[in-house]
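Step one of this worksheet: look at the structure below.
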Amino acid sequence: MTSGIDLSRPQQQTVGSDEDVVRVRQLVRTVAVAAKLSLVDQTKVVTAASELARNTLVYGGGGTVEVTPVDNGRRPGIRIVFADSGPGIADLELALTDGYTTGGGLGLGLSGARRLVDEFDIQTAPGQGTRITIIKWSR
Amino acid sequence: MERVPILKIGDILLVSIQVDMSDQTAVALQEDLAERIVATGCHGVIIDITALDIVDSFVGRMLSTIASISRVLDAETVVVGMRPAVAITLVELGLSLNGIRTALNVERGMELIAAGRGHDEDDWFDDGPDTEPTASP
């Protein structure tokens, strides 16, 4: 499904089902390989994307994921933005705590994903949806 | 939805996950395995994740749940074939896979299950205090 895509441009994927989470993983993997991330770094960023795409689906009620190859002048990387217009997160500090969950999971999605990437930014407010940006640089 | 096949080899159920599982597929595998353990009376489950290029918290939880369910149904679960990059990522993610036995490959997993069976039969219900009157003077 990812063959023939232009990897220099942002790629978008709607997240509305379980299968879309799988598609996000595959898209992130393809772009991470093109950005020359090491195997361990590919694995980390794909895992982080899987956690965050699932959050977009389960907590945000679905949304979109945008995957973009980036370059900071010294090294290439991959930037992924997860956006939903769900209920937002009221207590961000609590949500980023290991083991805290409102959804019956392990509570490692947000906090674990943050540990797996180089840059992590989250914008959210109650009723305003959630927008998470992560970046992983190649070493 | 795709389903992961479950193979029976002697006293062991072997599951080799070859697809990028959706969450639904993972949950279905959990249920299918529980049914097969009861239907076959197998005492060991080997889950081969050689082909999995990631294990996220959902799949990690599924593996823990399968291990717990099979234990309750008198079967031992061993997860085999984890890739090094997956192990590194799992630890950093914060997943410890508590209660899951692991082995490097299917062969070692089978040895572990065989060894575990021989051992377990001495320690469990057969020799509780009330069944061993000879132990008291």
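The values are calculated or read from the model by the stated rules, or taken from the named source; none is laboratory data. Keep in mind it's a predicted model, so treat the numbers as computed, not measured. Neighbour counts run over all protein chains shown; Cβ positions are idealised from the backbone, glycine included. Protein only, heavy atoms only, side chains kept; ligands, DNA and RNA dropped before computing areas. Shrake-Rupley method; radii C 1.70, N 1.55, O 1.52, S 1.80 Å.
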Scan (1) touching a residue at least 12 places away in the same chain (Cβ under 8 Å); (2) open to solvent by less than 40 Å² (accessible area, probe 1.4 Å) for the single condition residue B:87 breaks and write down its number. (1)
Selection count where residues are in contact (Cβ under 8 Å) with a residue 60 or more places away in the chain and closer than 11 Å to residue A:67 by Cα, scope the range A:13-45: 1
So, in the range B:44-76, of the ones that are open to solvent by 10 Å² or more (accessible area, probe 1.4 Å) and part of a strand (DSSP E or B), which residue ends up modelled with the highest pLDDT? B:48
Run down A:24, A:45, A:40 and say which single residue is more than 28 Å from residue A:126 (Cα to Cα), in contact with a helix residue (DSSP H, G or I) (Cβ under 7 Å, 6 or more places away or on another chain) and within 14 Å of another protein chain (Cβ to nearest Cβ). A:40
Are there any pairs, at least 6 apart or on different chains, whose C-beta atoms fall under 7 Å, with the first in the range A:59-78 and of a type in the set (Asp, Glu) and the second assigned to a loop (DSSP other than H, G, I, E, B), and if so, which? A:66/A:10
Flag for residue B:13 being under 12 Å from the mean Cα position of the chain (by Cα), away from every other protein chain (no Cβ under 14 Å) and either buried (at least 19 other Cβ atoms within 10 Å of the Cβ) or more than 25 Å from residue A:46 (Cα to Cα) (or both): yes
Of the residues A:74, A:139, only one is exposed (fewer than 14 other Cβ atoms within 10 Å of the Cβ), of a type outside the set (Phe, Trp, Tyr), part of a loop (DSSP other than H, G, I, E, B) and modelled with pLDDT of 90 or more; which? A:74
Looking only at the range B:51-92, count how many residues are touching a strand residue (DSSP E or B) at 6+ places or on another chain (Cβ under 8 Å) and within 14 Å of chain A (Cβ to nearest Cβ). 3
